[in-house]
Amino acid sequence: MIRPDWAPPDIDLDTPSIARVYDYWVGGTHNLPVDRVIAERLESENPVLPMTLRSNRAFLRRAVRELSSLGVDQFLDIGAGIPTEGNVHEVALECNPSSRVVYVDIDPVAVSHGRAILADEPRATSIQGDFLRPGEILTNPEVRAMLDPDRPIALVLAAILHFVPDQDHPRKVLDQYLAHLAPGSFLVISHAGIMHRSDETGPPAPEATEQYKERVSDAIRWRDAAALRSLCSGLDIIEPGVTPVPLWRPCADDPPDEVGTDAVALALVARKP
């Protein structure tokens, strides 16, 4: 096929990329026919998945707008994928042109696409890094050049912690990041999970959730609201607390296909005192 002008020269156009599949599901344009074949196959097996991801992206935009309104102008987005339309840097820069954004992903394909997309944007960059290696990310020269650790930073962990099993001690890893962040910094989390009927902060999951959980990858670690609160102990979780992603400060401007009332993911935003 003819190489699109947005595709970096080192990218194999015949090999599908999960980062580009995600891009397709959330309405991006940086995907290829091979990616769309995989996306449609997965969607036929897990119809809730694309809607959950779109709802997650809508939550992320709302969270960035909210934090920007509170004066946060630095964002470290780990597990970011391809930073296409409506992602953190676009929302943050619209709110405050002085904002700075660093995207981090372990996938070299996502990073290559990200660097190409951001080549002409000096206020944002994309680097390769592993969430489980915070020291390498925080001391990366591009991170140090872009973000000032003496001022509040929003650490964005959207749809990544559910890939971190308990044996990798996600709280201990989070503590390493939090120790680096100035007081007044924020943590943004979305995570595969459901509300229990005994939890008063939101409605229970749809009846199809258990069937959905059986179909998704065994690599995903489901956590409920109590587990997420535990991960954030010592931080101040801002209102409305831990909720299903579509219920975190919903906005009338969210497109209908991103509302996702059946989304099987939870969301929260917490502040470091």
Query raised in the report: Restricting attention to the stretch 247-260, does a residue exist that is in contact with a helix residue (DSSP H, G or I) (Cβ under 8 Å, 6 or more places away or on another chain), at pLDDT below 95, surrounded by fewer than 15 Cβ atoms within 10 Å (Cβ to Cβ) and of a type in the set (Asp, Glu)?
Result: yes
Query - the stretch 20-59, residues that are free of Cβ contacts under 8 Å to residues at least 40 places away in the same chain, surrounded by 16 or more Cβ atoms within 10 Å (Cβ to Cβ) and either touching a strand residue (DSSP E or B) at 6+ places or on another chain (Cβ under 8 Å) or not in a helix (DSSP H, G or I) (or both) - result: 31, 32
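Based on this model, can you work out whether residue 7 counts as among the aliphatic types (A, V, I, L, M), assigned to a helix (DSSP H, G or I) and touching a helix residue (DSSP H, G or I) at 6+ places or on another chain (Cβ under 9 Å)?
Working: among the aliphatic types (A, V, I, L, M): yes; assigned to a helix (DSSP H, G or I): no; touching a helix residue (DSSP H, G or I) at 6+ places or on another chain (Cβ under 9 Å): yes.
Considered against the rule, which asks whether it is among the aliphatic types (A, V, I, L, M), assigned to a helix (DSSP H, G or I) and touching a helix residue (DSSP H, G or I) at 6+ places or on another chain (Cβ under 9 Å), residue 7 comes out as no.
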Query raised in the report: Any idea which residue in the stretch 101-115 is farthest from residue 79 (Cα to Cα), counting only those that are surrounded by 22 or more Cβ atoms within 10 Å (Cβ to Cβ) and of a type outside the set (A, V, I, L, M)?
Result: 113
**Report entry** Those residues of the stretch 6-19 which are out of contact with any Lys or Arg (no Cβ under 8 Å at 6 or more places or on another chain) and surrounded by 15 or more Cβ atoms within 10 Å (Cβ to Cβ), in sequence order
**Finding:** 7, 11, 16, 17, 18, 19
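The values are calculated or read from the model by the stated rules, or taken from the named source; none is laboratory data. Treat the numbers as computed from the prediction; the structure is a model and nothing was measured. Backbone-built Cβ (ideal geometry, glycine too); neighbour counts: all protein chains shown.
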